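The values are calculated or read from the model by the stated rules, or taken from the named source; none is laboratory data. As the structure is a prediction and not an experimental result, all values here were calculated from the model. Note that each Cβ is placed from the backbone with ideal geometry, even for glycine, and that neighbours are counted across all protein chains shown. Areas reflect the complete protein model, heavy atoms only, side chains present, ligands, DNA and RNA absent. Shrake-Rupley method; radii C 1.70, N 1.55, O 1.52, S 1.80 Å.
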Amino acid sequence: MEQVESKGLRRELRSVEPQPGPYLRHEDKQYLHFSGNDYFGLRADPRVTAAAAEAAARYGAGSGASRLVTGNHPCYEKLESSLATYKQRESALVFGSGYLANIGTIAALVDEKDLIIADKLVHACMLDGAILSGAELKRFAHNDVSHLAKLLDEHRGKYRHCLLLTESIFSMDGDRAPLLAIAALAKAHDSWLMVDDAHGLGFVDTIPADIVSGTLSKGLGSYGGYVAASKALTDYLTTHARSLVFSTALPPASVAAATEALQILTSEPERSARVSGYGNRLTSEWGGPCMEGPIVPLVLGSNAAALEASERLKEKGIWITAIRPPTVPQGTARLRITFSASHTQEQVDRLISALQPLRAGV
Ligand SMILES: *Cc1c(COP(=O)(O)O)cnc(C)c1O
């Protein structure tokens, strides 16, 4: 722990109390935060919390068993059919979390005879799934389609199946994957493409992939994860995904909350437009590229610089957690700024002026 401390890598669980809107309390002080993943402001929407309360009163606090035993409450079917429709897939399968959906799916699809090629920046849980699967794992440079093509040319032929992994909108960088080009390569090389849509839901309309995974815990403001794909694939996973078979089903309240949140997101598309509008406001202020999503990184480099910047903002009543390795690559510690439909224009203005001096130092 001393070594961790000296590298600026100690992680702490700081106690925070959520407040109405994009605020939290920490040690008796109130902060405006730009650090959460509740992109559409649905986590505390009264319609969503009412759906959760009703499901808990009706079915109980916990689900009581794995979905394959007695945990498959009626609310699951409704959520899975809404997710399948929303993601334009034949079928969807809900897991205990996004982490469990990714590790369970990847480990069920490939093994030692197979190859996985993943974007350098995919989320830790996709990599954990790859390790669990036992397949050979190769990485292509972030969003670099020609590097991916080269790896496929060199290695695809030596393996039985090949699975390509990327994200729709990257969790720590906020940029989009070139999905059409990657899907074309997958097709040309007889490979499957799996895209983690944890941060793209509501922002990226169509995902050209065999498998889409995601979470109910971010934009949908609840908890849980899912995979959307062909019916054959979700059938296969129902038997083979160990994180589904051997883990208790989500509580009914989480399932009902996510179903209601998805319904609201579909009928109120202005929520998503507002969030991308905020992101673009910030990047245009900085002369940067259009982000088309909820996440804007301010890369500061060293861990100390990122921690220091986060402290400076706290003094101004703004909470943005410093993100350090191994969540991001060495030397790219950053502030990960996220916007939510629950932010107002004035709050975003306040953020932009508070970031000005930090940005000037980059
Ligand atoms: C958060 C996240 C996950 C995990 O989802 P949980 O529901 O929080 O377990 C998976 N993939 C990406 C890209 C994420 O950011």
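Quick look at the values:
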| quantity | calculated |
| --- | --- |
| Cα convex hull of region 235-302, projected area averaged across orientations, nm² | 8.7 nm² |
| Aspartates and glutamates whose Cα lies under 18 Å from that of residue 7, excluding same-chain neighbours fewer than 8 positions away | 308, 311 |
| Carbon and sulfur %, accessible surface of region 116-249 computed with the full protein complex present, 1.4 Å | 55 percent |
| Fluctuation leader among 39, 226, 159 - the chain, Gaussian network, Cα springs under 10 angstrom | 159 |
| Sequence of 172, 194, 1 from largest to smallest accessible area, 1.4 Å probe | 1, 172, 194 |
| P(r), alpha carbons of region 37-185 - 5 Å bins starting at zero, rounded % | 2, 8, 13, 16, 18, 14, 11, 8, 6, 3, 1, 0 |
| Debye log10 I(q)/I(0) for region 123-274, one point scatterer per Cα, at q = 0.19 Å⁻¹ | -1.34 |
| DSSP-loop trypsin sites (Lys or Arg not before Pro) across region 94-145, with at most 13 other Cβ within 10 angstrom | 113, 120 |
| Under 14 Å from the residue 327 label point (7 Å along Cα→beta-carbon), backbone N, region 16-50 | 34-38 |
| Among 239, 321, 332: highest mean-square fluctuation, GNM of the chain, C-alpha pairs under 10 Å | 239 |
| Rg [Å, one decimal], Dmax [Å, integer] - region 1-84, C-alpha atoms | 19.0, 51 |
| Under DSSP loop assignment and at most 13 Cβ neighbours within 10 Å, longest GluC sites (Glu not before Pro)-free interval of the chain | 113-362 |
| Convex hull volume per residue in cubic angstrom - Cα atoms of the chain | 147 Å³ |
| Gaussian network model of the chain, springs between alpha carbon atoms under 10 Å - residue of 340, 15, 168 with greatest fluctuation | 15 |
| Listed residues 92, 132, 269: farthest to the positive end of the dipole of the chain (Cβ charges) | 132 |
| Antiparallel DSSP beta bridges within the chain, as percent of all bridges there, nearest 5 | 55 percent |
| Surface accessible to a 1.4 Å probe, per residue, for the residues of region 127-255, Å² | 39 Å² |
| Antiparallel bridge percentage (DSSP; both residues within region 31-185; nearest 5) | 10 percent |
| Hull volume in cubic angstrom per residue (convex hull over the Cα atoms of region 287-345) | 112 Å³ |
| Convex hull projection area averaged over all views, region 122-210, Cα basis, nm² | 5.5 nm² |
| Compactness index (Cα Rg / 2.2 N^0.38 Å), region 253-362 | 1.19 |
| Rg/Rg_ref, region 178-246, where Rg_ref = 2.2 N^0.38 Å and atoms are Cα | 1.21 |
